[in-house]
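The values are calculated or read from the model by the stated rules, or taken from the named source; none is laboratory data. Predicted, not measured: the structure shown is a model, and the values here were computed from it. Note that we place each Cβ from the backbone using ideal geometry, even for glycine, and neighbour counts take in every protein chain shown.
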Amino acid sequence: MQGYDLIGDVHGCGNTLRRLLELMGYSRQSGVWRHPAGRQVIFVGDIVDRGPRIRQALHDVREMVEAGTALMVLGNHEYNALAYSTLNPQGEPLRSHSPRHQRVIQETLDQFDPWPNEWQDFLNWFMTLPLALDLEQLRVVHACWDDQLMPNFFQNYPDGTMTEEFLQASAIIGTDEFRVVDRCTRGTWLRLPEGQTQKSGDGFVRDRFRTSFWIDNPRTWGDVLFQPDRLTPEIEATLISAEDQRRLSYYPPEDKPLFFGHYWCQGFPSVIRPNLACLDYSAVKYGRLVAYRFDGEAKLDAEKFVWVEVQRDEYPLLEELRAEMLAEHIQKI
Ligand SMILES: [Mn+2]
């Protein structure tokens, strides 16, 4: 056991990712980032969308995975890209091309515009990545590990990856495949009262809120709320109904350490519970790109987080970025 370095949502912060790898002692040798002691990175997903260097980040991550210096699980953004780009038997995309969905993926599509074949190749590669990892000493998933769903899923899909049929079925609400993808990549959530919506910090209007999956006997919605935006005090005081209870999930304190991303945490990284750590600290919103350096401990320790702050250099002027891409493009031809 050489140790694992678990890295949170990158979202196209490609230079920041390189700074984090360097900070942890990784260096790039013949195109692949490696650790001298053979440590492995595990990415919790969401490499794509939002940030300025999606393509660079994807190349770095994929080269590591293919060389065996990293593992990765799918994030909701990679899953959404697959569903957006895959047609059902009726010839419609599994994820509709609505303005809202378009807005989420546009940055990725724009950055790959000069390299359409390459993007298709990355989509094919996403299909080879698992929805979750159940390793000897730890578990990894993008958003939520559900004890009710995962044993059955791994029994049917031992390597945790989707098949074409699974992907098709996962786009239909109510199927087992939908439930697994929804839990693993989006986590648990509850719907706001009929007709109510909330505008989140990222500018999207939502009719639901994200919930935690580790509170012992939660009583109110406020007890399980887990997202940067609070609800109104009245809504937070809503009692959890039996129906809500069915939609929530609980990860027991005696289970293996679980690492995940997804939740736009803010501030300095901390351990949620001795067997739970979220690694998403909003890198792409000028937050921190966070890693946890795991060495097999049964109790996670806040001292083992490392991070880099996302700096302005991750965001050059658009023209500079275009010039950079053009130069690289010319180099290739
Ligand atoms: Mn994310």
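List of remarks:
- Check on Arg18, in a strand (DSSP E or B) and free of Cβ contacts under 8 Å to residues at least 60 places away in the same chain: no
- Candidates Arg50, Arg55, filtered to the one that is modelled with pLDDT of 95 or more and either closer than 22 Å to His262 by Cβ or surrounded by 13 or more Cβ atoms within 10 Å (Cβ to Cβ) (or both): Arg55
- Residue under evaluation Asp121, criteria (1) touching a residue at least 24 places away in the same chain (Cβ under 8 Å); (2) of a type outside the set (A, V, I, L, M); (3) under 28 Å from Arg139 (Cα atoms), criterion not met: (1)
- Of the residues making up the stretch 253-311, those that are of a type in the set (Gly, Ala, Ser) and either within 16 Å of the ligand (Cβ to nearest atom) or not in a loop (DSSP other than H, G, I, E, B) (or both) are Gly261, Ala277, Ser282, Ala283, Gly287, Ala291, Ala302.
- Pair list, Cβ < 6 Å and 6+ apart or interchain, from the stretch 31-48 residues that are touching a residue at least 12 places away in the same chain (Cβ under 8 Å) to residues that are within 16 Å of the ligand (Cβ to nearest atom) and hydroxyl-bearing (Ser, Thr, Tyr): Val48/Thr108
- Count of residues meeting criterion [more than 16 Å from the ligand (Cβ to nearest atom) and in contact with a helix residue (DSSP H, G or I) (Cβ under 7 Å, 6 or more places away or on another chain)] in the stretch 33-80: 8
- Test: residue in the stretch 139-152 that is modelled with pLDDT of 95 or more, away from the ligand (no atom under 16 Å from the Cβ) and closer than 21 Å to Met64 by Cβ: yes
- Every residue from the stretch 52-62 that is part of a loop (DSSP other than H, G, I, E, B) and under 16 Å from Leu20 (Cα atoms): Arg53
- Answer residue from the stretch 1-22, given it is more than 14 Å from Gln56 (Cα to Cα) and touching a Gly at 6+ places or on another chain (Cβ under 6 Å) and is modelled with the lowest pLDDT among those: Met1
- Cβ-Cβ under 9 Å pairs, at least 6 apart or on other chains, the stretch 262-282 side farther than 25 Å from Asn80 by Cβ, far side in a loop (DSSP other than H, G, I, E, B) and within 11 Å of the ligand (Cβ to nearest atom): Pro269/Gly8; Pro269/Leu279
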